[in-house]
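Take a look at the structure below.
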Amino acid sequence: MSDSTDGAVGDAELIAALRDAEAVLFGEFELSHGGTSDYYVDKYRFETDPTCLGLIAEAYAERVGDATLAGVALGAVPLVAATAVETGSPYLIVRKAAKEYGTGNRIEGTFDEGEEVVVLEDIATTGQSALDAVEALREAGATVNRVLVVVDREEGAAELLAEHDVELESLLTATRLLEDE
């Protein structure tokens, strides 16, 4: 993503919004995959800040085309909902596992066999949760070739997804996000 004057959301604008939302934290943090890091991008801070969420939805909308959207529960649900409102596209929610009550669905929402679906995710570290969502959607009949994330921590997600013929596209990389720190 580049800074521009054509209405596109630029890196600097998005970085400023993440910082204003106090979503970039420094210290010692345990990550969901079990590793540790000296910085943390708090998705709940940027997803609950209306300005930041709006910018992310606008930036995603610039990239998704007319594909159906899918968000990984729970973290990406605000992102996919806001982006769907921005684009007018339908969206799906992909659970980590099928519910054990109600309809028992793993994928909420409807789509047609072969329909193009773009997975939206918050942060990519290893890429495993995004890959799990891609595989669930593919098993259900969707065509999934892209995952969009707010921040790629550059810790193997792009490589893992590429091994499964999925392109990882990020609004920001960790390198770009942290370069002025």
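The values are calculated or read from the model by the stated rules, or taken from the named source; none is laboratory data. Keep in mind the model is a prediction, meaning the values are calculated, not measured. Note: ideal-geometry Cβ built from the backbone for every residue, glycine included; neighbour counts use all protein chains shown.
Taking the range 146-181 as the range and being surrounded by fewer than 19 Cβ atoms within 10 Å (Cβ to Cβ), more than 14 Å from the chain's Cα centre (by Cα) and on the phi < 0 side of the Ramachandran plot as the test, the residues that pass are 155, 159, 160, 162, 163, 164, 175, 176, 178, 179, 180, 181. Just wondering, is there one or more residues in the range 53-75 that are over 16 Å from residue 150 (Cα atoms) and touching a Pro at 6+ places or on another chain (Cβ under 8 Å)? Checked the range 53-75: at least one residue is over 16 Å from residue 150 (Cα atoms) and touching a Pro at 6+ places or on another chain (Cβ under 8 Å).
Going residue by residue through the range 99-121, is there one that turns out to be at pLDDT 95 or above, closer than 30 Å to residue 10 by Cα, under 14 Å from the mean Cα position of the chain (by Cα) and surrounded by fewer than 22 Cβ atoms within 10 Å (Cβ to Cβ)? The answer is no, given that none of the residues of the range 99-121 is at pLDDT 95 or above, closer than 30 Å to residue 10 by Cα, under 14 Å from the mean Cα position of the chain (by Cα) and surrounded by fewer than 22 Cβ atoms within 10 Å (Cβ to Cβ). Within the range 22-45, residues that are farther than 21 Å from residue 129 by Cα and free of Cβ contacts under 8 Å to residues at least 12 places away in the same chain sit with their Cβ atoms under 9 Å from residues that are among the polar types (S, T, N, Q) and loosely packed, with under 14 Cβ neighbours inside 10 Å, at 6+ positions apart or across chains, in these pairs: 28/36. When the residues of the range 122-145 are filtered to those that are surrounded by fewer than 19 Cβ atoms within 10 Å (Cβ to Cβ) and charged (D, E, K, R), the one that is farthest from residue 71 (Cα to Cα) is 139. Please go through the range 122-139 and pick out each residue that is more than 14 Å from the chain's Cα centre (by Cα) and either at pLDDT below 95 or within 19 Å of residue 63 (Cα to Cα) (or both). Scanning the range 122-139 gives no hits. Within the range 76-98, being closer than 18 Å to residue 131 by Cβ, touching a Ser or Thr at 6+ places or on another chain (Cβ under 8 Å) and surrounded by fewer than 17 Cβ atoms within 10 Å (Cβ to Cβ) holds for one residue alone: 96.
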